[in-house]
Structures are given as structure tokens and as C-alpha cells.
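The values are calculated or read from the model by the stated rules, or taken from the named source; none is laboratory data. Note that the structure is a prediction, hence the values are computed from the model and not measured. Backbone-built Cβ (ideal geometry, glycine too); neighbour counts: all protein chains shown.
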Amino acid sequence: MVVVIKTPEIDRRAVEAFQCELANAVGAYRVDASPDVPLTLDLRHVAFMDSTGIRCLIDADRAVTAVGGRMELLVEGIPRRLLEVTGLLERFEPVPDVFDLREAAS
């Protein structure tokens, strides 16, 4: 199940919109998905994210794993770098993007 996150900047000012998107995604995942299908969050439209966004992602991941599922991210730019620096990128099973695939092919 793929959910595109449309909140362009995730910080204290925009956290309510992001939390709403995540709650809808997790709720739909609980109803529709099988354990073999991950909840994939497409964060490529997110230009900025701070620790507020990380906290929300951790909460969503806990909710998904509580029902036996798993969450993965399609993320790039500043949000990807933030997750790399904090050591959290691997927790969310990042989906290879086009650049990752090009590097693997070289």
C-alpha cells in the first residue's frame, strides 16, 4: 500500500496536517493490508522535515508494527539526509529511488 504524503514542510507549524495524513494511512493499512504488504510512505514531495516529523514517523512505525506490519519510506533530499544523520533511515526500510538504482548498476 503506497501513500503519498502531501505536506511540503514538516515542522511544528505543519505537524497537525502531517499527523492527519499518517493517521489516515495507518488506519487504511490496518483495514486493507496483509502482513506481506508494507505501508510505503512516499515523502518525495516533502522539502523540509525536522525532529517533529521524525517523531511522527516513529509513532506511525510503532502503530504499523503493532498490527504485524512494516513501514517503508520513499524519501529524498533534506528528509532523507536527516534520517541518515540520525541513524533512523534503515529503521524505516528505505525504498531505493532512481538515484540508488543508478549507483547500484554502475
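At-a-glance table
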quantity	calculated
Residues located in the stretch 27-54, provided they are under 18 Å from Leu88 (Cβ atoms) and in a helix (DSSP H, G or I)	Ser51, Thr52, Gly53, Ile54
Conditions (1) at pLDDT 95 or above; (2) within 16 Å of Leu73 (Cα to Cα); (3) not basic (Lys, Arg); number of the one not met by Thr40	(1)
Odd one out for Arg12, checked against (1) free of Cβ contacts under 8 Å to residues at least 24 places away in the same chain; (2) part of a loop (DSSP other than H, G, I, E, B)	(1)
When residues of the stretch 74-94 are limited to those that are part of a loop (DSSP other than H, G, I, E, B) and at pLDDT 80 or above, the one surrounded by the fewest Cβ atoms within 10 Å (Cβ to Cβ)	Gly87
Yes/no for Arg70 being basic (Lys, Arg) and touching a helix residue (DSSP H, G or I) at 6+ places or on another chain (Cβ under 9 Å)	yes
Qualifying residue in the stretch 95-106 (condition: touching a helix residue (DSSP H, G or I) at 6+ places or on another chain (Cβ under 8 Å) and crowded, with 17+ Cβ neighbours inside 10 Å)	no
Criterion violated by Thr52 - all others in (1) at pLDDT below 95; (2) touching a helix residue (DSSP H, G or I) at 6+ places or on another chain (Cβ under 6 Å) satisfied	(1)
Any hit, the stretch 56-63, residues being at pLDDT 95 or above and either loosely packed, with under 11 Cβ neighbours inside 10 Å or of a type in the set (Lys, Arg) (or both)	yes
